[in-house]
Amino acid sequence: MALSRSFLKSLGLDEEKIASVIEAHSETVTGLNGRYADLENKFNELNQRYSAAKADAEKLPGVLKELEALKKEDYKGKYEELFSAVEKGKAWAAKEAAVKAWYEGKNIRGAGLAIAMRGTPLDDIELGEDGAIADTRVLDKLVEGDFKPLIRTEEPRRTVASGGSLAPHGAPPEQTPSNLMNSLIRGKTN
């Protein structure tokens, strides 16, 4: 039953007392409505947190499986494999540098050096602990054979050719690797 003026009149209350009761009742209802709204907001917030926690809890078995799979992976082996590849790359670069220096010592330069480097089996070259070539027999054989035409016997005298570029006296500028290779194939070298 609702609290109304007609109900209070039926109880025999005068108008002044009815107004006091209605006012007190309104204050109480307003306070209770505010308290209800606060509790409803807190309930909704807790319900959202619960839903998020429940969703996270449902993901947990999958996350645990991923964690177990990651634990089983061999990271140390992968690291050692990558480290080994880097070391092989460094060793290869050291071989290239040593062979290049060796060829330059034999007076193979420029386009001839590029050709010699492409034709050298670097897998057959071993370096000593000092970084120098341990056994030059493979390279000696190449220089005495196929690479002999690549050796410069004298340093060409350079003059300014027409057009302003430096060129050997009476000759065109130095050949490109492909032109030099073609000359080697035809048996025509300087």
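List of remarks:
- All helices (runs of 4 or more DSSP H) inside region 54-161 with 2 or more residues being farther than 27 Å from R186 by Cα and touching a residue at least 24 places away in the same chain (Cβ under 8 Å): 75-105
- A single entry from K59, K42, K88, K71 fulfils the requirement of being closer than 30 Å to A132 by Cβ and of a type in the set (K, R): K88.
- Per-region count, region 1-19, residues surrounded by 12 or more Cβ atoms within 10 Å (Cβ to Cβ) and assigned to a helix (DSSP H, G or I): 7
- The number of residues in region 109-133 that are among the small types (G, A, S), surrounded by 13 or more Cβ atoms within 10 Å (Cβ to Cβ) and more than 22 Å from M181 (Cβ to Cβ) comes to 0.
Only the coordinates and a few stated rules stand behind these numbers; no lab work does. Just so you know, these numbers come straight off a predicted model, no measurement behind them. Please note: Cβ atoms are built from the backbone with ideal geometry, for glycine as well, and neighbour counts cover all protein chains shown.
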